[in-house]
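Inspection log for the structure reproduced underneath, given as structure tokens.
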Amino acid sequence: QVQLVESGGGLVQAGGSLRLSCAASGRIFSINTMGWYRQAPGNRRELVADITSGDSTNYIDSVKGRFTISRDNAKNTVYLQMNTLKPEDTAIYYCKVVVRHTKWTVESDYWGQGTQVTVSS
């Protein structure tokens, strides 16, 4: 009922920057929290950053000061600006949004398809 389209991944040298985008469309009454997760080979998926409907943000320690999450509510889009990238940031990055379809329904989670970020040393 909700589609998420991610973009912005790619290959970058250490110290470089990338900006990820995730646009939500479909049956959306409201979006609560929007977030970015990542999963490296052999690792569990971990939360990188999220942002609430009130624009409160949360980051894992390893990206604080380097990554910035933001959202455009008019476009139902969440962004992740990634600066000073390190090889250990290499992973598939997934967006997740928490959506309410109508005023009366409970919230549901939706995931993007993932976008590869590779940082070379």
Point to revise | Dipole magnitude of the chain about its Cα centre (Cβ charges: Lys, Arg +1; Asp, Glu -1), debye to nearest 20 | key: 160
Practice item. Can you work out the accessible area per residue across the stretch 25-121, with the rest of the protein chains kept in place, probe 1.4 Å, in square angstrom? Key: 53
Check your understanding: Tell me, what is the FRET efficiency for R66 and T102 to the nearest 0.05, using R0 = 35 angstrom and their Cβ-Cβ distance as r?
Key -> 0.35
Practice item. Report the label-to-label distance for N43 and I28 in nanometres (one decimal), using points 7 Å from each Cα along the Cα→Cβ vector. Key: 2.8
Study note, to complete from the structure: In the stretch 29-121 the accessible area split gives carbon plus sulfur, as whole percent at 1.4 Å, a share of 47
Review point. Can you give the accessible area of T57, probe radius 1.4 Å, in Å² rounded to 10?
Key: 70
Exercise for review: State the extension gain, in nm to one decimal, for the chain segment bounded by L11 and T57, taking 0.36 nm per residue of separation less the distance between their alpha-carbons.
Suggested key: 13.9 nm
Review point. Assigning unit charges at the beta carbon (Lys, Arg +1; Asp, Glu -1) and nothing else, what dipole magnitude in debye, to the nearest 20, does the stretch 49-102 show about its Cα centre?
Key: 140
Exercise for review: Enumerate lysine pairs in the chain that are 8 or more residues apart or on different chains, then count those whose Cα atoms are under 25 Å apart.
Suggested key: 5
Exercise for review: Just flag the trypsin sites (Lys or Arg not before Pro) in the stretch 80-116 sitting in loop per DSSP whose Cβ has no more than 10 other Cβ atoms within 10 Å.
Suggested key: K103
Point to revise | Extension gain (nm, one decimal) between T118 and K75, 0.36 nm per residue minus Cα-Cα | key: 12.8 nm
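The values are calculated or read from the model by the stated rules, or taken from the named source; none is laboratory data. Here the structure is a predicted model, which means the values were calculated and not measured. With ideal geometry, Cβ positions are generated from the backbone for all residues, glycine too; neighbour counts draw on all protein chains shown. Please note that ligands, DNA and RNA were not included when accessible areas were found on the heavy atoms of the full protein model with its side chains. Shrake-Rupley method; radii C 1.70, N 1.55, O 1.52, S 1.80 Å.
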